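**Q** The structure's right below; bear with me while I get my questions together.
The values are calculated or read from the model by the stated rules, or taken from the named source; none is laboratory data. Predicted model only: the values in this text are computed from it and were never measured. Backbone-built Cβ (ideal geometry, glycine too); neighbour counts: all protein chains shown. SASA here: full protein model, heavy atoms, side chains in, ligands and nucleic acids out. Shrake-Rupley method; radii C 1.70, N 1.55, O 1.52, S 1.80 Å.
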Amino acid sequence: MALKATIYKAQYNVADLDRHVYLDVNHTVAQHPSETEQRLMLRLLAWGLKASEDLVFTKGLSDVDEPELWNKNYSDEIELWVDLGLPDEKRIKKSCNKAKQVLLVVYGDNATAKWWQQHQQKLSVYKNLEIIQIKDESLVEMEALLERSMQLQLTIESEQAWLSAGKGSCEISPIWLKRAN
């Protein structure tokens, strides 16, 4: 018998003071059976970091040809492609060729350091690619906020983020490995 996805509901309020984006939305997010709770919270954080009414969750782990999130325009062109993890250069090249802007959110402190050392020079050619790292400590704190039904508040100012929920709050300091040119 196949395992089923776990459904989470999040009322999400984002106040991005850096981009002047203020949204209050409801998300229903499916956690794939192979996805950890930390990764689920990372997907929610990634949405908040690039919050937009047009940014949607995709099939993600269920479809290797799609990112975790994307924003498509009315012509079905991909404006923003958001991926998580440490993909190979082939996937990054594909996403940079398909989308106007690409955000890669990396995690896993030890693995990221090794991955970045191997790929930094090759990835510098992609002008539309941004890479940020979320530290393991932040992932643990974000996971502690997870509930099946939750109210999240994300505030972003000076590239610092504060995520709060009914269970508490945490400060997240994304590390910019690469900025789009």
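**Q** Leaving out same-chain residues fewer than 8 places away, which lysines sit with a Cα under 27 Å from that of Lys135?
**A** By straight Cα distance, Lys135 reaches Lys9, Lys50, Lys59, Lys90, Lys93, Lys94, Lys100, Lys114, Lys122, Lys127, Lys167, Lys178.
**Q** Here is a further query. Given 10 °C and 1.306 mPa s, how large is the Stokes-Einstein diffusion coefficient of the range 40-79 in µm²/s, with Rh as the Kirkwood radius over Cα pairs? If you can, show how the numbers build up before the last one.
**A** Details: Rh = 10.6 Å.
D, rounded to a whole number, is 149 µm²/s.
**Q** Before I look further, what does the range 8-147 give for accessible area per residue, probe 1.4 Å, in whole square angstrom? Could you put the intermediate results ahead of the total?
**A** Values: 6940 Å² over 140 residues.
Solvent-accessible surface per residue comes out at 50 Å².
**Q** Leaving ligands, DNA and RNA out of it, report the carbon-plus-sulfur percent of the accessible area of the chain at a 1.4 Å probe. Write out the running numbers ahead of the final one.
**A** Numbers: 4640 of 9650 Å².
Answer for the chain is 48 percent, counting heavy atoms of protein chains only.
**Q** Check each of the GluC sites (Glu not before Pro) in the range 3-86 and keep only those in coil by DSSP with at most 14 other C-beta atoms within 10 angstrom; list them in order.
**A** Glu53, Glu77
**Q** Take the chain, connect every pair of alpha-carbon atoms lying under 10 Å apart with a spring to form a Gaussian network, then pick out the residue of Gln118, Gln151, Gln31 with the largest mean-square fluctuation.
**A** Comparing Gln118, Gln151, Gln31 in the GNM, the peak value goes to Gln118.
**Q** For the range 64-159, run through the trypsin sites (Lys or Arg not before Pro) and keep only the ones in DSSP coil with at most 11 other Cβ atoms within 10 Å of their Cβ.
**A** On the way: sites: Lys72, Lys90, Arg91, Lys93, Lys94, Lys98, Lys100, Lys114, Lys122, Lys127, Lys135, Arg148; in loops: Lys127, Lys135, Arg148.
Qualifying residues, ordered by number: Lys127, Arg148.
**Q** Does the range 24-90 come out rounded, prolate or oblate by the C-alpha gyration tensor, with a ≥ b ≥ c the root eigenvalues, rounded set by a/c under 1.5 and, if not, prolate when a/b is larger than b/c and oblate if not? If you can, show how the numbers build up before the last one.
**A** Values: a/c = 1.70, a/b = 1.15, b/c = 1.48.
It comes out oblate by the Cα gyration axes.
**Q** Then there's this: For all pairs of alpha-carbon atoms in the chain, what percent lies in each bin of width 10 Å, listed from the first bin to the last filled one?
**A** Once binned at 10 Å, the Cα pair distances of the chain give 9, 38, 39, 13, 1.
**Q** Could you work out the mean projected area of the convex hull around the alpha carbons of the range 133-181, in square nanometres to one decimal? All intermediate terms of the calculation are to be shown ahead of the outcome.
**A** Values: hull surface 16.0 nm².
The number I arrive at for the range 133-181 is 4.0 nm².
**Q** Also, quick follow-up: Rounded if a/c is under 1.5, else prolate if a/b beats b/c, else oblate: with a ≥ b ≥ c from the C-alpha gyration tensor eigenvalues square-rooted, which is the range 56-161? Please list the in-between numbers first.
**A** Numbers: a/c = 1.72, a/b = 1.17, b/c = 1.47.
Here the range 56-161 falls in the oblate category.
**Q** GNM, the chain, Cα, under 10 Å: largest mean-square fluctuation among Ser169, Ser95, Ser75?
**A** Ser75
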